[in-house]
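Just below is one structure, and these are the notes that go with it.
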Amino acid sequence: MGRLFVLCEMCQVDMVDVSPFCGWRYQLGQVGDLADVTAPPYDVIGPEELIQFRQKHPANIVHLILPESLPDDPGPDERYQRAAALLAQFKLDGILARDHADAYYVYHQTFEIAGERYVRKGFLGRLKLSPFGEGQVFPHERTLAAPKADRLKLFRAVKTNLSPIFGLYEDPAGEVEQVLTTALAGQTGVQLIDEQRVLHQLWPISDPQVMSKVTSLMKSRPVVIADGHHRYETALAYREELVATGTITNELHAANSVMCMFVASEDDGLIVLPTHRIVKNWQGLTAQQIGMALTPVFEVDVVGSHATAAQDAWDLAQSCGNGCALALGTSADSTWVVAELKDVASMRLASPGKSAEWCQLPVSVLHQLVLPRLAPLVHPREEANLEYVHEDQTAARAIEEKSAGLAVLVPATSVTQVEMIAQGGEVLPPKSTYFYPKLRSGMVLNPLT
């Protein structure tokens with residue numbers, strides 16, 4: 001494992017630095033139900049949902065994380081300044097108030113999937129920033145430039161972490177969770193039930209001995225970013241700007257860190273859902289063409305076009321022995337097939353420098369072998385216009401309604417695979433994982449000043 005070099009030039013440490021913070025929180029006496037003023041992360045809120053959240057409450061967090069542009073704005077960046085002014089007003093009006101002391105914020109999410117109940121347990125704290133590749137904080141997905149530019153403008157304006165990133169750490173003995181669970185006894189928290197019937201609960205733990213114990217336990221545990229890569233890299237860029245301007249002169253400045261939700265990778269409530277691909281274009285592609293393009297590298301089995309073909313193909317893809325199979329549906333002939341990788345050498349050849357573990361992931365095979373082999377079949381040849389969905393029924397419906405040319409059902413990447421890839425210094429294609437449920441923005445805010 002590599003050493004962690006904190007971005008601050010004044011010091012170097014060889015461990016992860018996790019610390020409590022004194023957060024700003026919505027005041028129930030002012031806003032009523034926390035469900036009305038909190039929201040999912042900015043990057044999973046669709047246009048219709050955004051309107052709904054804005055209408056829920058004038059202080060909803062979306063007014064800050066996705067500030068609105070107005071017709072009479074003098075420039076496109078005016079909305080970021082509007083968010084900063086609104087945040088200041090919320091504080092002035094007592095809608096947001098700062099806690100009285102530093103704390104770790106225990107955060108539980110209770111939810112159901114397929115009729116089974118889960119509880120994901122973790123805590124919010126500050127994570128000292130370090131560039132990827134220089135320490136014990138690891139990414140697992142590639143990031144895009146546009147979202148980082150947008151988030152950096154917001155960082156500069158509000159000088160606050162409005163949403164946490166999501167980090168995984170290893171705790172096979174459950175030491176951290178045991179300390180926090182014991183500390184919860186007699187504590188009063190807050191809660192809300194969101195639009196998907198997920199129960200979110202938050203408790204501040206400000207006992208100095210508990211905080212010291214958690215900080216000490218976390219020092220030897222590498223952190224893999226599960227969600228929030230753009231926000232982490234934006235926090236790094238923001239910190240670099242403050243160092244360059246002389247605003248940060250020591251390691252104690254709040255902008256040296258980023259707010260993070262820490263969840264043990266062994267947690268029973270840690271669920272990763274698959275992320276399927278819908279190719280909006282590529283109309284006219286047929287199952288027969290897919291079979292010809294992918295054989296002999298893949299074994300391609302035609303499932304059919306009957307009413308349950310999509311579900312049958314998905315079940316078959318998930319049951320393949322080596323775990324490297326995909327279910328593909330084409331709207332031109334309403335047919336579903338399953339393609340299972342047989343020629344592993346071809347995948348390694350198409351992925352120079354990648355590990356064997358990376359090459360065995362279905363999402364890697366899709367982007368390295370399948371889509372490149374199908375693209376030449378499209379006339380005129382077009383780059384795949386991808387839409388990402390998490391329910392196989394949604395992808396199947398796109399084929400049934402012929403609103404997309406191709407749908408690909410992709411088995412989920414496991415937590416173990418995510419950690420192995422990340423700690424090996426590799427990253428996955430975008431949208432390779434979907435940790436469910438999403439963390440709620442607005443549960444607590446972390447000031448960077």
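The values are calculated or read from the model by the stated rules, or taken from the named source; none is laboratory data. Values in this document were obtained by computation on a predicted structure and should not be read as measured data. Here the Cβ positions follow ideal geometry from the backbone for every residue, glycine too, while neighbour counts run over all protein chains shown. For accessibility, only protein heavy atoms count, side chains too; no ligands or nucleic acids. Shrake-Rupley method; radii C 1.70, N 1.55, O 1.52, S 1.80 Å.
Taking region 256-279, which residues are assigned to a strand (DSSP E or B), open to solvent by less than 20 Å² (accessible area, probe 1.4 Å) and not polar (S, T, N, Q)? Within region 256-279, VAL258, MET259, CYS260, MET261, PHE262, VAL263, ALA264, HIS276, ARG277, ILE278, VAL279 qualify.
Rundown of residues vs (1) touching a strand residue (DSSP E or B) at 6+ places or on another chain (Cβ under 8 Å); (2) assigned to a loop (DSSP other than H, G, I, E, B), yes/no style:
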site: VAL363; (1), (2): yes, no
site: GLU383; (1), (2): no, yes
site: GLN393; (1), (2): no, no
site: ALA407; (1), (2): yes, no
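Every residue in region 12-21 that is buried (at least 16 other Cβ atoms within 10 Å of the Cβ) and either of a type outside the set (A, V, I, L, M) or assigned to a loop (DSSP other than H, G, I, E, B) (or both), please. Those that are buried (at least 16 other Cβ atoms within 10 Å of the Cβ) and either of a type outside the set (A, V, I, L, M) or assigned to a loop (DSSP other than H, G, I, E, B) (or both): VAL13, MET15, VAL16, ASP17, SER19, PRO20, PHE21.
Screening GLY94 on (1) touching a Pro at 6+ places or on another chain (Cβ under 6 Å); (2) of a type outside the set (A, V, I, L, M); (3) on the phi > 0 side of the Ramachandran plot shows it passes everything except condition (1). Among the residues of region 43-77, the ones that are surrounded by 14 or more Cβ atoms within 10 Å (Cβ to Cβ), at pLDDT 95 or above and not in a loop (DSSP other than H, G, I, E, B) come to 10 in all. Filtering region 420-448 down to residues that are of a type in the set (D, E, K, R) and within 13 Å of PHE166 (Cα to Cα), which residue is most open to solvent (accessible area, probe 1.4 Å)? Among residues in region 420-448 that are of a type in the set (D, E, K, R) and within 13 Å of PHE166 (Cα to Cα), the one most open to solvent (accessible area, probe 1.4 Å) is LYS438. Screening ALA309, ALA339 for residues that are touching a strand residue (DSSP E or B) at 6+ places or on another chain (Cβ under 7 Å), open to solvent by less than 10 Å² (accessible area, probe 1.4 Å) and within 25 Å of GLU357 (Cα to Cα) leaves exactly one candidate, ALA339.
Taking residues in region 191-216 that are within 23 Å of TYR26 (Cβ to Cβ), and partners anywhere that are in a loop (DSSP other than H, G, I, E, B) and open to solvent by less than 20 Å² (accessible area, probe 1.4 Å), the pairs with Cβ atoms closer than 6 Å and at least 6 places apart or on different chains are VAL198/PRO437; HIS200/ARG440; LEU202/MET443.
Scanning region 367-381 for residues that are within 24 Å of SER305 (Cβ to Cβ), not hydrophobic (A, V, I, L, M, F, W, C) and not in a helix (DSSP H, G or I) gives a single hit, HIS379.
Within region 160-180, how many residues are without any contact (Cβ under 8 Å) to a residue 12 or more places away in the chain and either farther than 16 Å from LYS213 by Cα or assigned to a helix (DSSP H, G or I) (or both)? Show your work before the answer.
First pass over region 160-180, keeping only residues without any contact (Cβ under 8 Å) to a residue 12 or more places away in the chain: 173, 178.
Checking the rest, the ones that are also either farther than 16 Å from LYS213 by Cα or assigned to a helix (DSSP H, G or I) (or both) come to 178.
Number satisfying all stated conditions: 1.
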